[in-house]
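Step one of this worksheet: look at the structure below.
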């Protein structure tokens, strides 16, 4: 007997504050109709008109275009416009997924070990592939994402329970996975080793479910790493401009990306209206003050990819341009991260001391102050199941090193002297006397400002940072996401939900079993057996009170290890010219290119 999974959390999170316009502006949250309904005239959604070319100003490039590799917010924003997944989200609802490539909700067996999904007909790949998408294309997408050729940051986290899945993701060749079955072109079946259907089914919103045509992609996937990233076959309403062989000639990495309509897209199969004709992403806008003002005062321009504008510009925007800015809950936590495998951060007392001394209100101020978000004291953000069970806005404040948002020098000194007893080079007055510490941060404000403020916090305890400032995508893909880069501190990282489940916040980022050679998002490389085991047990709990409470306890266990300095549960902002009708997608925590239009 199969039962239809009523996707959890929608009722529990019905009160979640969704997309709101700043300073009392209209509710410009997005949303969509059923497949084929492109009017965009649902409640809270501005009705758009077709046509027009939008320029989007970004500080950095996407991490990847390849849906098997992208795991960065900006990559998701571009991917949502250019590709299709099994399930997606309307812009104003990040908690209730809706069918995209799928025709309906996933069907779950009574033992939570089988998931069946029916695939929509009539969806075609863009040129040069041109043929209709089948279930086999999604099966291949999963198989490649487990291989060393296509380093994926979450395949092993959410999908390791699939029968026949490699024991270690990103380590072997592309091989068939027996537990992913395609009885016909319109049916996809997942057979699981453990009763993890509640987790796996929710994760079907991720880009790993984007179809990849094996006959076209295999020549690119034969290389390590794959070169499919420069030759993606798209399925969404838009595509990056390519040539007759499929090469993405419209993407000059780090400089410019030209997104045009996909001639094979059928609006009758899609819930996205896709109003715009063309989107040009101009990269390298490191100075967000200039970029924000250019958008606010220009025409046909939107901005930005790096969260909130700098504080002075944000203040001006919400007073003088209140109809040209949107805010959305970020759905995540920002924190400087310590590499627990590198001295002196392998000593827990050092980590606790830095957290204790850090003025988290100062870090938040660098991102815009109170309007930018709430002071964080843990890793489960507002609106996430487990947040209230963890203590809400006061979670983990029973820990003395986290009890005072403005910092506590006395507690910091206590832990520094404890580290001295451990053999760490610390002076008698509680100052670090070792060498410089290698740190990598984003080179664009407001993250750049955050890094500078955090550097000042660490200097209070004698730490000197060898700080390298790089574009956001470089910070992640070449440094913080790679253990072999030996970065000791990543001051400007943060984690935002993959979907509305506490496991999606804590498992990829703090489970030692999820440390990867590339695409690693367990930045602290935290590997504590008791935490790993607790996560494995909590993963199979059904959605509900017990699951939320279990992950709330894990949140506390993680914070006890002091892997980073959670300082803000933030909001994100999107600014645009007066002729642009902007829409933020609450799941993407940024612009929704498929709902934004011109007035």
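Touching a strand residue (DSSP E or B) at 6+ places or on another chain (Cβ under 7 Å), surrounded by 24 or more Cβ atoms within 10 Å (Cβ to Cβ) and either in contact (Cβ under 8 Å) with a residue 60 or more places away in the chain or farther than 30 Å from residue 290 by Cα (or both): is that true of residue 67 in this structure? Spelling it out, it is not the case that residue 67 is touching a strand residue (DSSP E or B) at 6+ places or on another chain (Cβ under 7 Å), surrounded by 24 or more Cβ atoms within 10 Å (Cβ to Cβ) and either in contact (Cβ under 8 Å) with a residue 60 or more places away in the chain or farther than 30 Å from residue 290 by Cα (or both).
Any residue at all in segment 517-529 that's at pLDDT 95 or above, more than 30 Å from residue 359 (Cα to Cα) and surrounded by fewer than 19 Cβ atoms within 10 Å (Cβ to Cβ)? Yes, that holds for at least one residue. Every condition in (1) on the phi < 0 side of the Ramachandran plot; (2) modelled with pLDDT of 95 or more; (3) in contact with a helix residue (DSSP H, G or I) (Cβ under 9 Å, 6 or more places away or on another chain) holds for residue 205 except the one numbered (3). Taking the residues in segment 225-248 that are more than 25 Å from the chain's Cα centre (by Cα) and touching a residue at least 24 places away in the same chain (Cβ under 8 Å) as candidates, determine which candidate is nearest to residue 78 (Cα to Cα). Across segment 225-248, the extreme among qualifying residues is 242.
Considering 451, 444, the condition of being outside any helix (DSSP H, G or I) and at negative phi is satisfied by 444 alone.
Scanning segment 109-132 for residues that are at positive phi and surrounded by fewer than 15 Cβ atoms within 10 Å (Cβ to Cβ) yields 122, 130.
Residue 236 falls short of the stated requirement of being surrounded by fewer than 23 Cβ atoms within 10 Å (Cβ to Cβ) and either at pLDDT 95 or above or outside any helix (DSSP H, G or I) (or both).
Within segment 214-232, the residues that satisfy the criterion of being out of contact with any strand residue (DSSP E or B) (no Cβ under 8 Å at 6 or more places or on another chain) and not in a loop (DSSP other than H, G, I, E, B) are 214, 215, 216, 217, 218, 219, 220, 228, 229.
Counting only residues that are out of contact with any strand residue (DSSP E or B) (no Cβ under 7 Å at 6 or more places or on another chain), on the phi > 0 side of the Ramachandran plot and assigned to a loop (DSSP other than H, G, I, E, B), segment 379-392 holds 2 of them.
Among the candidates 256, 272, the residue that is under 30 Å from residue 372 (Cβ atoms), crowded, with 24+ Cβ neighbours inside 10 Å and modelled with pLDDT of 95 or more is uniquely 272. Would you pick out the residues in segment 540-557 that are modelled with pLDDT under 95 and in contact with a helix residue (DSSP H, G or I) (Cβ under 6 Å, 6 or more places away or on another chain)? Listed by number, the residues that qualify are 541, 542, 543. Exactly one residue out of 187, 157, 210 is touching a residue at least 60 places away in the same chain (Cβ under 8 Å), more than 26 Å from residue 249 (Cβ to Cβ) and either outside the structural domain of residue 244 (by TED's automatic domain parsing) or surrounded by 22 or more Cβ atoms within 10 Å (Cβ to Cβ) (or both): that is 157. Residue 337 - would you say it is surrounded by fewer than 21 Cβ atoms within 10 Å (Cβ to Cβ), in contact (Cβ under 8 Å) with a residue 40 or more places away in the chain and not in a loop (DSSP other than H, G, I, E, B)? No, not satisfied.
Yes/no per residue for (1) touching a helix residue (DSSP H, G or I) at 6+ places or on another chain (Cβ under 9 Å); (2) assigned to a loop (DSSP other than H, G, I, E, B); (3) assigned by TED's automatic domain parsing to the domain that holds residue 565:
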residue: 410; (1), (2), (3): yes, no, yes
residue: 413; (1), (2), (3): yes, no, yes
residue: 423; (1), (2), (3): no, yes, yes
residue: 434; (1), (2), (3): no, yes, yes
residue: 490; (1), (2), (3): yes, no, yes
residue: 517; (1), (2), (3): yes, yes, yes
residue: 522; (1), (2), (3): yes, yes, yes
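Considering segment 77-101, the residues that are in contact with a helix residue (DSSP H, G or I) (Cβ under 8 Å, 6 or more places away or on another chain) and at pLDDT 95 or above include one that is nearest to residue 305 (Cα to Cα), namely 79.
Is there a residue in segment 357-373 that is touching a strand residue (DSSP E or B) at 6+ places or on another chain (Cβ under 7 Å) and in a strand (DSSP E or B)? Scanning segment 357-373 turns up at least one residue that is touching a strand residue (DSSP E or B) at 6+ places or on another chain (Cβ under 7 Å) and in a strand (DSSP E or B).
For segment 104-138, residues that are farther than 19 Å from residue 64 by Cα, part of a helix (DSSP H, G or I) and touching a helix residue (DSSP H, G or I) at 6+ places or on another chain (Cβ under 9 Å) total 2.
Looking at the structure I just gave you, is residue 222 more than 22 Å from the chain's Cα centre (by Cα), over 29 Å from residue 99 (Cα atoms) and at pLDDT below 95? Against the criterion (more than 22 Å from the chain's Cα centre (by Cα), over 29 Å from residue 99 (Cα atoms) and at pLDDT below 95), residue 222 does not qualify. Against the test of being touching a helix residue (DSSP H, G or I) at 6+ places or on another chain (Cβ under 9 Å), within 19 Å of residue 560 (Cα to Cα) and touching a residue at least 24 places away in the same chain (Cβ under 8 Å), the options 417, 402, 365 yield a single qualifying residue, 402. On the basis of being assigned to a loop (DSSP other than H, G, I, E, B) and closer than 21 Å to residue 503 by Cβ, does residue 195 make the cut? When the stated conditions are applied, residue 195 passes them.
The values are calculated or read from the model by the stated rules, or taken from the named source; none is laboratory data. The structure presented is a predicted model; accordingly, all values stated were derived computationally and were not measured. Cβ atoms come from the backbone with ideal geometry, glycine included; neighbour counts cover every protein chain shown.
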